[in-house]
Each structure stands twice: as C-alpha cells, then as structure tokens.
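K.L.:
Got a structure for you, questions after.
The values are calculated or read from the model by the stated rules, or taken from the named source; none is laboratory data. Because the structure is a prediction, the values reported are computed rather than measured. Every residue, glycine as well, gets a Cβ built from its backbone with ideal geometry; the counts of neighbours run over all protein chains shown.
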Amino acid sequence: MSQRLRLTAVSFLNARPVTYGIEQGLVGAERFDLRFAEPSRCAAAVAAGEADLGLMPIASYAASAEELRVVPGIGIASRGPVRTVVLVGQVPWEEMTAIALDGASRTSQMLARLLTRGRGLHPDFVEVAHDQIADAVVGTRGALIIGDLGLHIDGRFRHVYDLGEKWHSLVGLPFVYAVWAGRPGVVSTEDVALLQESLRLGLQRRAEIGRAWALDNDVDPALGENYLLENIRHRLTSDEISGATAFLARSHQAGLLAKLMRVRLFDAPAPLQPQPRSAPSLDHLLADAAAGERLSLDEGVRLYSEAPLFDLGQAADLRRQALHPESVVTYIIDRNINYTNACTTCCSFCNFHRSPGHPQAYTLSREELAQKLRETVELGGVQVLLQGGINPDLSLAYYQDLFRYMKANFPLAIHGLSPEEISYLSQREDLPVRTVLERLVAAGLDSVPGGAAEILDDEIRRRISPKKCSADTWIDVMREAHGLGLRTTATMVFGFGESPQQLLGHLDRLRRLQDQTAGFTAFICWSFQAEGTRLPLTDDTGSLRYLRVLALARLYLDNFPNLQVSWVTMGPAVGQVALRFGGNDFGSAMIEENVVATAGTVFKISASDIERCIRGAGFIPRRRNMRYEFID
Amino acid sequence: MTLASISEKVSAGIPLSFDDGVALFREPDLLKLGALANQVREQRHGDRTTFNRNLHINPSNLCVAGCPLCSFSRRSPEQPGAYTLSLSQAWDKLKARFAAGDPVTEVHVVGGLNDSLPFDYYVELLAGLKRLQPALHIKAFSAVEIFHLHKLFHLEVREVLRRLVAAGLGSLPGGGAEIFAPRVRQRICPNKCNAEEWLDVHRTAHELGLRSNCTMLYGTIETIEERVQHLLRLRALQDETGGFQTFIPLAFHPDNNALSQLPAPTAVDDLRVCAVSRLLLHNIPHIKAYWVSLGIKTAQTAQWFGADDLDGTVQEEKIYHLAGSEAPQSLTPAEIVHLIRAAGRTPVERDTLYNVVAQGQALPAGPSPVRGQP
C-alpha cells in the first residue's frame, strides 16, 4: 500500500474533528491525500473512482451501486437535538402544505420525508438550491435547513423542529449523518487506526475548532463550541450502527431506498488493552467505572471479588443512567421456538435435548411452526427466536427453505441460530462460516442470538459441554456475522464453578470483539439452572450473585449499549430489581421457552406484567425490536 | 426531607418522623434506600440471618369475618374446601413431624374466626401440643382471633390470654393488623377488630409478659401516608411496652379473593417496604422477610434491604398459597441454610424468642440444591 489514499470529505463544521489530525498534518501525512467537497460529491467521487474513501452521507452510502464498507468507530451522529438539520416554517408542521428541501443533502431529505410521513402528513416536497432555502419559507411552505446555516436561524421562523431530536424520541437510537466509506479492501487496519487517531486528536480540540469556526463566520464562539461538544457525537458505537440500520430499514420500507442495506465495516485494528492503574482504592475504581472509564481485567476481578454489593450496584446504576438518561426500560414481544430437541452435543447442564432417534426427540413440522408463527403475530410479536439442538438430519437447505417460507408468510423478524448451530452447519456442509451466514441472510435471517456462549473458556467448556464449539469458534462466528452487517446479542451462563478470572475473561473476549465490530446490541447473563440436569449444583447461583455479576458486566462491558435482565431464568422479582443493578431491558414477553422450562423454571408473564414491573422500578416501558429501536 | 438528612438522623440515632417515612417511601433511588437500611441492619445484627424450625397449623378455615382480602376462609361448613381439624388431627401434624425425624421448635397456629368451636377446643389444642412436646414454643392466635374469643365467650381479653397461657401459649403472632387506617379496613377487612382493639390485645399480652410480633399488609388500596401511620402506631406501642420482637411486612397476594382485580406488589415494592420498616421501626429488634409471602429470591435479596430473619421451615402453609404464592410449601433446614449463605449472610438457627439454637458447624450441611426456584 505505498500509493496514497485519496480521501474526500465535507467541510461542514461537524466534520472538522474527523479530519482534524489529517488536515493539520499530524496523522498519515505520507498516506492520505485529503480534498473537500459538497456532501453529495463525496459519494460521487468514490463511485467515479476519483477518491478511495469518502466522508459521505449515510443515504449516499446506502444508495451506492456497489457495496461499500464503513470505517469502524468514526461517524457524525447525534443522540437528541442536532441543530443543523431543522425543519422551519411560519406555520406548524401539521399545517405545512409544502416543504422545500435542500438539494445538497439526501440523508436529511430522507429523514424529513420519513418523519413527516410518520406523523401522517403528506405535504408536497420541492427541491431548492442550498443558498436559497431560507427564502423559500413563505406562508404554509416550510423548509428543511441543513448544515451550518441551521446554527444561524435563531428567531427567524415561528416554528422550528430539530429532526435529530425528533428521530431520537421516535426511535430511541442515535441518528447517523455521515460515515467514512469506500470499496471493500481499500483501507488496511493501519489506515483505520490512522483515521481513528485523526479523530482522537480532533476530539481533544473540539472546543477550539468550534470557536475558530464561529469567529470565521462572525457568530458567538460559544455557539460553535457547544455544537461540537453537546450536539454532535463522533463515535460509531453499537448504538449508532443500530440507529443507522434502523434508518436504512425504515427508508427502504417507505420506498425511499431501493435496496435494504446493512452497515458493514472494514476490519478494525486489535484494541489496546487498558493498563491497570497502580492499585487505586475500591471507591476510586468504582467511581471511575461509574463515570465510564475502562476497567482492566484485573480491576474487574478485583471489583467482582471485593466490592460491596450496594457499591457495585450503585456504580452500575449510575452507568446505566448515563447510557440511558431517558429512564426508559425496553422489552420485546417475541416467541422462542425450539424447532428441534434432537441434539448430539449432550451437554451435561442441558435437560432439553434428546438424542436423535429417541422416542421423545422431535422436529416441528411446517404446520406446527405455522401455527406458532400465526399465534405470535396475533399476540403482537415482532420476531421469533429460533434455536434448537444440533440435529444431524437438518441441512443448510432445510434452514434456507424454512426462512424463505417464514419470510414469505409472516411479518416476523428471524433472530435465529446460535454460533453453535451455525458452526455445525459449516462443518456439516463443508462450507466456510461466512458462506453459511450469507446463504441464511439471503434466505431471510435478520440477526443472530448469542446463545451457546456459556463461559467462553475452554477449560470450562471441556467440562460441561465438551462437544460444543470452542470459545474461539464462538467468537469467530460472531465476528463473521458482524462483518456481514448482522446485529447479534451475547450471553453468559455462570455458576459452573468458574473462577473470577474465567468469568471476567468471558466479558473481556466480548468487549474486545465489540471494540472491533460494534456488532453486539445487548448482553444477557443468567445463572445455571440445575434442576433436572446431570450437573450437580456446586456453585452459588442465587439472586444476589446474579445481581453482582450483572452490575459488574454493566461496568466492564463499556461498549455494550444494552443489558437485558433475565426474568425468564431468575424470575420477574429478581429481574425487576436487576433494573437497578445495571439492566435497561426486560427481555421478552416470551410466549414459550422450552430449554429453560425443562430445567424447572416456569415463569410466564404477560406484556402488561412486564410493564408493571418496569413502572414499579421507576422506569418508562417501551416496546422495541432486536435493534433496540422503539416500535410503539 | 432528603435522604442525606434522614441518613444523618439515622446515624445519630434520632427517631424518624412521619415526613421522613413518607420521603423514604417516595425515594426514587432504591439502592441508596437499601444501603441505608442495610447499614442499620448490619449495626444491629452483623451479617447474621436467623431462621427457625416451625410448623404451621391452621385449625379451621371457617370464618365469620368474610374479609375481601382473604383467599383462605370459608363462610359455612357446606362450602367446598371448608374444614375444621379435630384436636387429634391437629396434634397428629406435630407428631408426624417428629416421627419423620424433622423436629420443630415452634408451632405457629392461626385460623379463621370460627363461631362454633367451644373455648375448650383452643385450650385443649395448645395443651395437647404441649403434652406431646413440652419444650415446644407455641405462637398462636393473632390479635384478631383473641379479640374474637373475647367477644364470643364474653371474657376479658386479659382473661382469654391468661387461660391460653395456662394451656401453653408462648407468644402471639403478628397477623391481622393489615392496615390500621379505618378507610382501608372498611374496604379490605370490614369485620375485623379495629386498630385500637388490635393494639390493645398486644398491649395486654405484653403486660402479661408475652412477646409478640407485628405485621403490615401492603399492596391493596393503602396510601403511603397510611403505611407510615401504621408503622408509627406500632412504634408507639413498642415505646410503651417493648413487647414486639419482630415486624413482618406482608405482601398482598391477589389470587382467589375478592380483591383479585388489584395487581400484586412487585419486588421493588417489597424491598422498599422492608427497608423503610427497618429505618422507621428503630425500637423493634427484628425485620422478617417472610419467604412464603415474598418468594425465596426476594426474601434473599431482602436480607440486604433491612431484613435479618427468614422465618422458618414452615410446613403446610395454606393462607398465602391459596392466594397464589408460588413459593414451595416448605423448606428443609439445609435448604434454608443454603439460601441464607447464597444471599451472602451467615445463617443462625434461633428459637421463637431469638435464642440461638445452632450456628456454624452445628447447622445442617449445605449447599443443597433448592427445589423449584420461585
């Protein structure tokens, strides 16, 4: 890669921190050749082969004729008011008969159209040139104002709607305006590291960049500074990717985007491990973790082993509050369908499986499945969680047929097949994991559940589930899934006599992968359910240990946006209390859950019970889908 | 009334006021509330959690009170499920426990307000249990039942108690207090004795040298203010007599009764009541997390929210199970020991009067798996 990489970027204020290190010649001076252009030109330059990488609007990324990749970790986004994408008018939104759109930004146009339709409104949309947009506001004609112009409009219009804010309150996720994108393979992990370094330097100088811009534009310096500090977020974390995915999915559904695009990333460099500080006091460590500072593995072990329960819980509660300041606790209505219990893995902790050929072994027929799917739709379900045994009778083609059938007949998302099942299919069909996943995605797979992780430590796996995939395989399958733009969850089952180091090691593997892929939406843990299994209960699996593990996970998994509480295994009472120990999601109003139910847990609660638990803990319940996007 | 100012009062040993109590119930930060209650709990009891080996006998479910809150009672012997134990049937329950090698140190006797049994039935019931096991402690008859006997047999409350003590009564359980506010009693238990009468039975018992427990049923239609008033009335009697050993918050369970339109309280409510009780009732030594009412897991969690007792092994609990409790019917001593250890506390077996019966190595060996985790 000796050739210089041609970068093209917008010159809006919100992009300056991203390009700062490069512009200043502090980063990649030998490697990058940076040019500035209008937003729509950034994508065109990449399409025309005039640039290798463009800092382009998310809509341009999605509309690209070729599949592009996104640079991990870097984005231009907002979580709430953005100030530079505003709908203005002399009459309220509901009374606008026309809306003038700025031709320069396709993303903002799509957002305005989506939100307008979402309110049941159908004004005429007319395109106007960027420099004439403010003058287009006359009578009942409103206008969409984008870019730095939005910062100057104070008092000019009677009605101003911040579309960043409207999106966030509607969907509960950030809005992503722009990303670095280019053709697969154009950037190396070293390039990614340089681009991330450029942003890191820019973020350090945000206030200065904002003030300098304001002086150039003859406005109050505080305006530019606050904009970069408070309105714009430059990270592309799991939440931003979910937000972008939600936007692209909704746009596709509304006919504004021809293809359904996922956000697919370039490979990221391996994350740096945090250096343990010189033995800070427990109180300091907890305060740092509550403030979002990264814990080292040893610090995690120390907190797990030594921190008093309430201190750990309060730190986790503070962290949860910082990540979810809206006091919302989400839940989903879906159905767990265990399509087969025939399984050759014979894990000692499982009471669900039967050997293939056993009189109690089953595989659900199409009719049985259809019945369950119909019920799911009738009960307001939006998704099915499909998990089953490792059944040698079922081929990849079986799943492809099944998914196509489901997609053709039911409006349900398919959250299906744990890494164990996917890795088995790859062996059975002698195909790479990526190919298996690609075929499943083409057939309708929407996301991958994080089951079969147990404890990601091969010493423990050999003891409790010797035939299950190794810890490395589990991680690799998830890496491949994330690489295809699939969102997945991650789980942990504890109580197998694992050491604190092994437990933290599990969390650490998840955190490292998430640093690279940002593909996990949520983490869910529970304790081993002993009853009816062949494994004796040798460990403390009570509610207090669960709360401790959950709180620790909230602090350690600083790059996981959501922690589900597991009322299905721990009971609604513990699940509710867990919302004060770091949890921000109540999981699923499940219609059935065979695997845990066979091991003696038979909790069943309705959506209204879930909402009562959530309200009782002091939160506002909202329904979500797998992306944690509000859908109520 | 901030939590910080309440915390200062707690540290200085100043009794909390009515307004403090209301503020605690409204405190949004459950963990801060819990940590404060836990501080008081650990100052008093360290990390010990006590339990006992006990047997519940409910002699009859025939009851003239007809309380809307109740799932246990029957109005007439003809109703399905109505029963009255003969004396030998009642005694056999105790015999069976000892015969099975599962001895108890306490029998807990409560039942309906039956208007057809003679006074001798109650006397003989206790005397017979005592004859079987002279060392047994009998904790029997809630204040509501004592008051019923007083009315039915035209005997002074003091006289009712004196005769029962002579037959073997050791202490009074705390049931029937519900919520003292007349507005609430009128709706949930209109025919039970009123607050003054309930308190007077306990005052008389304390004067006779009996210890007793006290309770509050929460989660029906009471307001926060009514809860606080209730707790403060208990505290005021305790200031007079010092006779209460334990306060037991009781969660309302809505199945199979006339209030089943009400939702059951959630775990956060349970823990909050537990913690606020610990903080308000500075003069009552123990707070019990009654696992039959709370479910095992919340009873464990409650050991960090002010409670220092888990009740007992409890065989044949009927009242809560008929109201929909999903807790097991009973626990073995080894299971209780395991549950307490799993909650991060040190188990101690006690008798009814909180004398230590066994601790450390003398306790049944754990851990043992817990059946059917609720």
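Quick grid of which residues meet (1) more than 25 Å from B:ASN61 (Cβ to Cβ); (2) touching a strand residue (DSSP E or B) at 6+ places or on another chain (Cβ under 6 Å):
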residue: B:ASP120; (1), (2): no, no
residue: B:GLU124; (1), (2): no, no
residue: B:LEU155; (1), (2): no, no
residue: B:VAL160; (1), (2): no, no
residue: B:SER171; (1), (2): no, yes
residue: B:ILE179; (1), (2): no, no
residue: B:LEU210; (1), (2): yes, yes
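K.L.:
Report whether or not B:GLU316 is among the acidic types (Asp, Glu) and surrounded by fewer than 20 Cβ atoms within 10 Å (Cβ to Cβ).
P.N.:
yes
K.L.:
Of the conditions (1) part of a helix (DSSP H, G or I); (2) in contact with a Phe, Trp or Tyr (Cβ under 8 Å, 6 or more places away or on another chain); (3) modelled with pLDDT under 95, A:SER40 fails just one. Which one is it?
P.N.:
Single failed check for A:SER40: (2).
K.L.:
Tell me, which residue of region B:160-188 that is part of a loop (DSSP other than H, G, I, E, B) and among the aliphatic types (A, V, I, L, M) is farthest from B:ASP120 (Cα to Cα)?
P.N.:
B:ALA181
K.L.:
When only residues in region A:434-469 that are outside any loop (DSSP other than H, G, I, E, B) and buried (at least 20 other Cβ atoms within 10 Å of the Cβ) count, which is modelled with the lowest pLDDT?
P.N.:
A:ILE464
K.L.:
While we're looking at this one, here's another question. Kindly list, by first and then second residue, each pair from a residue in region B:268-283 that is within 14 Å of another protein chain (Cβ to nearest Cβ) and under 18 Å from B:SER11 (Cβ atoms) to a residue that is surrounded by 24 or more Cβ atoms within 10 Å (Cβ to Cβ) and among the aromatic types (Phe, Trp, Tyr), limited to pairs with Cβ atoms under 6 Å and residues at least 6 apart or on different chains.
P.N.:
Listed pairs, sorted by first residue: B:ALA275/B:PHE305.
K.L.:
OK, next. Quick check, is B:GLU124 in contact with a Leu (Cβ under 6 Å, 6 or more places away or on another chain), assigned to a helix (DSSP H, G or I) and surrounded by fewer than 18 Cβ atoms within 10 Å (Cβ to Cβ)?
P.N.:
yes
K.L.:
Can you name the number of the only condition in (1) modelled with pLDDT of 95 or more; (2) closer than 24 Å to A:LEU557 by Cα; (3) among the hydrophobic types (A, V, I, L, M, F, W, C) that A:PHE403 fails?
P.N.:
Of everything listed in (1) modelled with pLDDT of 95 or more; (2) closer than 24 Å to A:LEU557 by Cα; (3) among the hydrophobic types (A, V, I, L, M, F, W, C), A:PHE403 misses just condition (2).
K.L.:
I'd like to verify a number: residues in region A:187-236 that are acidic (Asp, Glu), at pLDDT 95 or above and over 29 Å from the mean Cα position of the chain (by Cα), how many?
P.N.:
1
K.L.:
Between a first residue in region B:132-145 that is in a strand (DSSP E or B) and a second residue that is buried (at least 24 other Cβ atoms within 10 Å of the Cβ) and β-branched (Val, Ile, Thr), which pairs have beta carbons less than 6 Å apart while being 6 or more apart in sequence or on different chains?
P.N.:
B:ILE138/B:VAL107
K.L.:
Show the residue pairs meeting these rules: Cβ distance below 8 Å; 6+ apart or different chains; first residue within region A:395-412 and within 11 Å of A:GLY444 (Cα to Cα) and assigned by TED's automatic domain parsing to the domain that holds A:SER426; second residue modelled with pLDDT of 95 or more and exposed (fewer than 15 other Cβ atoms within 10 Å of the Cβ).
P.N.:
The qualifying pairs are A:GLN400/A:ALA442.
K.L.:
In region B:229-243, what count of residues is obtained for those that are crowded, with 23+ Cβ neighbours inside 10 Å and either touching a residue at least 60 places away in the same chain (Cβ under 8 Å) or of a type in the set (S, T, N, Q) (or both)?
P.N.:
Qualifying residue count for the region: 1.
K.L.:
Quick one: B:GLU106 ticks every box in (1) touching a Leu at 6+ places or on another chain (Cβ under 8 Å); (2) more than 20 Å from B:GLU124 (Cβ to Cβ) except a single one, so which number is it?
P.N.:
(2)
K.L.:
Additional query: Out of A:GLU293, A:GLU306, report the one residue that is touching a Leu at 6+ places or on another chain (Cβ under 7 Å), of a type in the set (Asp, Glu), surrounded by fewer than 21 Cβ atoms within 10 Å (Cβ to Cβ) and modelled with pLDDT of 90 or more.
P.N.:
One residue alone meets the criteria, A:GLU306.
K.L.:
Here is a further query. Grab the strands (runs of 3 or more DSSP E) fully contained in region A:44-132, keeping just those with 1 or more residues being within 21 Å of the chain's Cα centre (by Cα).
P.N.:
By residue number, A:53-57, A:73-78.
K.L.:
Now a separate question. Give the residues of region A:539-571 that are more than 23 Å from A:ARG627 (Cα to Cα) and either among the acidic types (Asp, Glu) or within 8 Å of chain B (Cβ to nearest Cβ) (or both), sorted by residue number.
P.N.:
Scanning region A:539-571 gives A:ASP539, A:ASP540, A:THR541, A:GLY542, A:SER543, A:LEU544, A:ARG545, A:LEU547, A:MET570, A:GLY571.
K.L.:
Looking at A:ALA37, A:ALA15, which one is free of Cβ contacts under 8 Å to residues at least 60 places away in the same chain and either small (Gly, Ala, Ser) or surrounded by 22 or more Cβ atoms within 10 Å (Cβ to Cβ) (or both)?
P.N.:
Every option except A:ALA37 fails the conditions.
K.L.:
Another question about this same structure. Any residue at all in region B:219-228 that's among the basic types (Lys, Arg), away from chain A (no Cβ under 14 Å), part of a helix (DSSP H, G or I) and more than 15 Å from the chain's Cα centre (by Cα)?
P.N.:
yes
K.L.:
Can you find a residue that is among the aromatic types (Phe, Trp, Tyr), more than 22 Å from the chain's Cα centre (by Cα) and either modelled with pLDDT of 90 or more or over 30 Å from B:ALA343 (Cα atoms) (or both) anywhere in region B:51-70?
P.N.:
No, region B:51-70 contains no residue that is among the aromatic types (Phe, Trp, Tyr), more than 22 Å from the chain's Cα centre (by Cα) and either modelled with pLDDT of 90 or more or over 30 Å from B:ALA343 (Cα atoms) (or both).
K.L.:
Something else: On the given criteria, is A:VAL176 touching a residue at least 12 places away in the same chain (Cβ under 8 Å), assigned to a strand (DSSP E or B) and among the hydrophobic types (A, V, I, L, M, F, W, C)?
P.N.:
Spelling it out, A:VAL176 is indeed touching a residue at least 12 places away in the same chain (Cβ under 8 Å), assigned to a strand (DSSP E or B) and among the hydrophobic types (A, V, I, L, M, F, W, C).
K.L.:
Tally time: how many residues in region B:298-333 are within 14 Å of chain A (Cβ to nearest Cβ) and modelled with pLDDT of 90 or more?
P.N.:
Residues flagged as within 14 Å of chain A (Cβ to nearest Cβ) and modelled with pLDDT of 90 or more within region B:298-333 amount to 11.
K.L.:
Can you confirm whether region A:500-522 contains a residue that is in contact (Cβ under 8 Å) with a residue 40 or more places away in the chain, crowded, with 24+ Cβ neighbours inside 10 Å and within 14 Å of chain B (Cβ to nearest Cβ)?
P.N.:
No; the residues of region A:500-522 include none that is in contact (Cβ under 8 Å) with a residue 40 or more places away in the chain, crowded, with 24+ Cβ neighbours inside 10 Å and within 14 Å of chain B (Cβ to nearest Cβ).
K.L.:
Among the residues of region A:328-386, write down those that are of a type in the set (D, E, K, R) and closer than 30 Å to A:SER608 by Cα.
P.N.:
A:ASP334, A:ARG335, A:GLU367, A:GLU368, A:LYS372, A:ARG374, A:GLU375, A:GLU378
K.L.:
For the structure I just gave you, tell me whether A:ASP317 is surrounded by 15 or more Cβ atoms within 10 Å (Cβ to Cβ) and part of a helix (DSSP H, G or I).
P.N.:
yes
K.L.:
Is there a residue in region A:323-344 that is assigned to a loop (DSSP other than H, G, I, E, B) and over 32 Å from the mean Cα position of the chain (by Cα)?
P.N.:
yes
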